[in-house]
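Asks: Once you've had a glance at the structure underneath, I'll fire off some questions.
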Amino acid sequence: MVDILLHLGQGFLTVFQPVNLLVLVIGLMLGLLVAVLPGLTLVMGVVLVLPFTYKLGITPAVILLTAMYVTGTYGGAFTAILFRIPGEPIDVPLLWDGYEMAKNGEPAKALGWTLFAALAGGLVAAVVMVALSEPVARFALTLSAPEYFSLVLFGLASVVCLGGGSQINAFVSLLIGLLIATVGVDGTYGADRFSFGFDTLRDGIEYLGVMVGAYGLGEVLSRLEKGFTSPTVQQIGRIETKLPSGAEIAQVKGTFARSSLLGIVVGIVPGAGATIASFLSYGVEAQYGRRRKEMGSGIAEGIVAPQAAATASVGGAMIPLLTMGIPGSGATAIILAAFLLQGIQPGAQVFVNQPGLIYAIFAAVFASLVGMVLIGYFAIKALVKVLDLKEAPVSAFVVMFCFIGALAQRNNLSDLWTIVAFGLLGYLFDKFEFPIAPMVLGAILGPLAESYFLTAMISTENNWTVFFTRPMSLALIALSVATVVFPLVRGWRERRA
């Protein structure tokens, strides 16, 4: 424990270096703005910033993206509570009671409950993250290629079943992402795959172009088709935040404990993320909470439950990312990409080789939570003011940043065409209700899965049974199969009923 505290103290010293502190503040502001601005989402915002981190170095790059991730789970609360406009899908359960409390004449109190839930839930998850990550990393060091392949397989299976909507569509999206990952010269055997004679394709398709195109440009094209019909925001009077008292907090301690724990657990599950944590926590409170019959009428429990779970999921999602290189959410998938762009594969070896980086990230989570509270409390009027911006010009800036970001990494015009191609694909995915996240994660995790699979096969002289004779690998494969099959069986039973 003493060693952990010493490492964490060194992490804070790293975070408070001038450059790192500057990018932390920039990340906090960008995360809040992305959550508030019409036409933007948290994942899209993180994707747009990612190409500009290439020249920063790994520590400031990850600090910037982590700060955006933390504050992005909170910023949408302003519009949800004040205007009944959820900035993110995360914020939909929040408005059911938050907007009702505001409509009942207590908007300041509703914002105060949100701020308390985000801070407290995030701090609990951050403590759990620091406490669990090193033991999990030590355990991960005992694993080898078969277990890592099975672990990546479980991460991909989780994305399919937890993505929402049609599981078949999610599976097709994942397969397209895995196909994208195979394009180019094979790193193990040197085979030329799916290049069709084009030198550009021999180098492979950069997952950065896939992410920026599908999330950024694709979303803009979808909104363009709909005519940028974002809701009109009405003007309101004085905006302020009123924090709850100690007695009021004591009355919701059960809700807070349940929601924080649920957020951490859901965050750890690969592919789940803050949205599922928010909805699930609200549902649990509506079924088992002390005031479950009053949910939806503007009570504190209906605000604390989704917000605490959403912010707590950040700490949970960072655990599998840092210890095993498996993203627990869409935003951590982008942070994984930032590691890979810097030539670092997150996982147990990073704890051994670069512990300073890991604890700097831990310290950045704590610092981001405190900074989020300060900015959210004192700068709320300025943040809400950005809602005066029209969606069309905001989307124009998104397109501009997509193209600038494409050129920032390699200064290669072929990357622009990659973004345009995947922007069109992202638009078609949205039009025909195919989720984008499985495709993006397939493009990122596909090379890892292939590398671990080939390493296992080469080291065992092509003995494929190694994946089933090693207990941990077998358990993960069984869990992957159950993860995919269970929703299918449940859906079949519902249709039969």
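The values are calculated or read from the model by the stated rules, or taken from the named source; none is laboratory data. Predicted, not measured: the structure shown is a model, and the values here were computed from it. Glycine gets a Cβ as well: all are built from the backbone with ideal geometry, and neighbour counts include every protein chain shown.
Asks: Here are the criteria: (1) surrounded by 17 or more Cβ atoms within 10 Å (Cβ to Cβ); (2) within 19 Å of the chain's Cα centre (by Cα). Tell me which single one PHE52 does not satisfy.
Replies: Single failed check for PHE52: (1).
Asks: Let me ask something else. Among the listed residues LYS55, LYS103, which satisfies the condition of being under 22 Å from GLY209 (Cα atoms) and not aliphatic (A, V, I, L, M)?
Replies: Answer to the selection: LYS55.
Asks: Another question, if that's okay. Given the residues THR71, THR53, THR59, which is the only one that is within 30 Å of ILE299 (Cβ to Cβ), modelled with pLDDT of 80 or more and β-branched (Val, Ile, Thr)?
Replies: Of THR71, THR53, THR59, the one residue that is within 30 Å of ILE299 (Cβ to Cβ), modelled with pLDDT of 80 or more and β-branched (Val, Ile, Thr) is THR71.
Asks: So, one more: Within the stretch 280-289, can one find any residue that is within 21 Å of VAL484 (Cβ to Cβ) and of a type outside the set (Val, Ile, Thr)?
Replies: yes
Asks: Could you list, in sequence order, the residues of the stretch 381-399 that are modelled with pLDDT of 65 or more, within 16 Å of LEU30 (Cβ to Cβ) and assigned to a helix (DSSP H, G or I)?
Replies: ALA382, VAL394, PHE397, VAL398
Asks: Here's something else I'd like to know. Considering only residues that are surrounded by 24 or more Cβ atoms within 10 Å (Cβ to Cβ) and in contact with a Gly (Cβ under 7 Å, 6 or more places away or on another chain), look in the stretch 78-100 and name the one that is nearest to GLY273 (Cα to Cα).
Replies: ILE90
Asks: Are there any pairs, at least 6 apart or on different chains, whose C-beta atoms fall under 9 Å, with the first in the stretch 416-444 and on the phi > 0 side of the Ramachandran plot and the second part of a loop (DSSP other than H, G, I, E, B), and if so, which?
Replies: Within 9 Å, the pairs are GLU433/GLY165; GLU433/SER166.
Asks: Can you pull out every residue in the stretch 123-157 that is in a helix (DSSP H, G or I) and at pLDDT below 80?
Replies: Passing the criteria: ALA140, LEU141, GLY155.
Asks: Please indicate, with yes or no, whether at least one residue in the stretch 169-188 is in a helix (DSSP H, G or I), of a type in the set (Ser, Thr, Tyr), surrounded by fewer than 23 Cβ atoms within 10 Å (Cβ to Cβ) and in contact (Cβ under 8 Å) with a residue 12 or more places away in the chain.
Replies: yes
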